[in-house]
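The values are calculated or read from the model by the stated rules, or taken from the named source; none is laboratory data. These figures come from a predicted structure and were not determined experimentally. Glycine gets a Cβ as well: all are built from the backbone with ideal geometry, and neighbour counts include every protein chain shown. Side chains are part of the model used for accessible areas, which takes the heavy atoms of the whole protein and leaves out ligands, DNA and RNA. Shrake-Rupley method; radii C 1.70, N 1.55, O 1.52, S 1.80 Å.
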Amino acid sequence: MSRSLNRVQLIGNLGADPEVRSVANGGRVANLSLATSRRWKGTSGEQQEKTEWHRVVLWNNRGSNLADLVERYCKKGDKIYVEGSIEYRSWQDKDGQTRYTTEVIAREVILLSGRGGADAEGFTAAKSAAGAPVKATGKEESFDDFPEALDAEDDDLPF
């Protein structure tokens, strides 16, 4: 049996505020520019860094209001987790040139940046029973509460 998987998981920072628009069928779509970075030491020992930019598309559909979520709670510089799939598209521009793009079509978003202050809230737009964003409850946790989480040298994160 042949199986395949198209799954992307990214943790990065927004390069700009979300661009949200309405489409002809009355739905809404948001576009994000997400930066992921990795660091390493070069052959001569100097620190190197490479940043990759990802185009992320979020739709309001099937009970999931991801476009509304990022419009309301995200801004340039915020750190987010995105899970989705890769999609390749091509189209003809107004000059007749064929254009190509690679996009991540988001299915889940978790806001990782705090909103500041004691009443900061976290939201997850996951597949919940109601299909709506789920509000995190309880005490907000930080890496300060789990210092061993930052000690691992062999994590597989690209930054």
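Quick notes on this one:
- Hey, TRP53 more than 20 Å from GLU108 (Cβ to Cβ), open to solvent by 80 Å² or more (accessible area, probe 1.4 Å) and touching a strand residue (DSSP E or B) at 6+ places or on another chain (Cβ under 9 Å) or not: yes
- Residue check: ASN25 meets all listed conditions (1) at pLDDT below 90; (2) among the polar types (S, T, N, Q); (3) open to solvent by less than 20 Å² (accessible area, probe 1.4 Å) but one, namely (3).
- Filtered residue count, the range 48-70, keeping only those that are among the charged types (D, E, K, R) and within 22 Å of THR102 (Cα to Cα): 3
- Any hit, the range 33-48, residues being outside any loop (DSSP other than H, G, I, E, B), of a type in the set (Asp, Glu) and farther than 15 Å from ASP17 by Cβ: no
- Every pair of residues 6+ apart whose Cβ atoms lie under 8 Å, when the first sits in the range 57-78 and is over 18 Å from GLY12 (Cβ atoms) while the second is crowded, with 16+ Cβ neighbours inside 10 Å and of a type in the set (Asp, Glu): ASN60/ASP68
- Selection of the range 61-74 for residues being surrounded by fewer than 13 Cβ atoms within 10 Å (Cβ to Cβ) and not in a helix (DSSP H, G or I) yields ARG62, GLY63.
- For LEU34, the conditions (1) of a type in the set (A, V, I, L, M); (2) more than 21 Å from ARG89 (Cβ to Cβ); (3) in contact with a His (Cβ under 8 Å, 6 or more places away or on another chain) all hold with the exception of (2).
- Residues in the range 1-22 that are surrounded by 15 or more Cβ atoms within 10 Å (Cβ to Cβ) and of a type in the set (Asp, Glu): 1 in all.
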